[in-house]
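S.K.: To start, I am sharing the structure in question, which I have written as structure tokens.
Derivation of every value follows stated rules applied to the coordinates shown; laboratory data play no part. Only a predicted model underlies this, so the values are computations on that prediction, with no experimental measurement involved. Backbone-built Cβ (ideal geometry, glycine too); neighbour counts: all protein chains shown.
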Amino acid sequence: MGHLQQSFLYRNFPVVEASWSMLHDERPYLCNFLGTVYENSSRQELMNILKQDGNDKLCWVSAREQWQPQETNESLKNYQDALLQSDLTLCPVGVNTECYRIYEACSYGSIPVVEDVITPGGCGNTSVHRNAPLRLLKSMGAPFIFIKNWKELPAVLEKEKTLILHEKIQRRKMLLQWYQHFKTELKMKFTNILESSFLINNKG
């Protein structure tokens, strides 16, 4: 649970109010990927697959080779624009399975395409940690697209090309409603944990 809570605090990402245009406008990009591409990683595989099918020309792609710990105002604005103008946000694994990218995409109505694998990060393996982040997201009915391998991405994007705007609008509304519910549930769980801890400590 701590990992999920931390991800909301990680970049102090602003609370985004859903506007009419966010929900109803045609978005010019099929998908987006902004991030660091490590050598021999699934992210590199993702980039290769996007280029093979020419989908990189239909997506907002901004890849860098070195991780940058600090966001500038310009890079954050660039990132927010990419989310707002893309129907899908590609979420390859990082050090931990869940990452802030998923939640930021939700806040802009861009459907996360999540690489559904366990990583060696601090969130652990689902067989050990029953509340591993992806397990929690799935248990709460996250309306994401989960894939096991980026080789599945071309089929996902081909299907995406067949959707009409009305279908995308309904999907965005569903995502934003789910995300609001998710944050409320998470806050309640976090508050309950704090209250339980406080009561236990006071009994001592």
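S.K.: Please give the FRET efficiency for D25 paired with A155, using the beta carbon to beta carbon distance and R0 = 30 Å, rounded to the nearest 0.05.
M.R.: For D25 and A155, the calculated efficiency is 0.70.
S.K.: Here is a further query. Rank-order 174-180, 44-50 by packing density, defined as the average count of other C-beta atoms within 10 Å over each peptide's residues, highest first.
M.R.: Details: 174-180: 16.6, 44-50: 18.4.
Answer by packing, highest mean first, reads 44-50, 174-180.
S.K.: How do 108-117, 153-162, 80-89, 17-26 rank on mean C-beta neighbours within 10 Å, highest first?
M.R.: Working: 108-117: 22.6, 153-162: 14.1, 80-89: 20.6, 17-26: 11.8.
Peptide ranking by packing, descending: 108-117, 80-89, 153-162, 17-26.
S.K.: I would also like to ask the following. Mind checking the full-extension length gain between L163 and A18? Use 0.36 nm per residue of separation minus the Cα-Cα distance, one decimal, nm.
M.R.: 50.0 nm
S.K.: Under a straight-distance cross-link criterion of Cα-Cα below 28 Å, which lysines are reachable from K183, leaving out those fewer than 8 residues away in the same chain?
M.R.: K77, K138, K148, K168, K173
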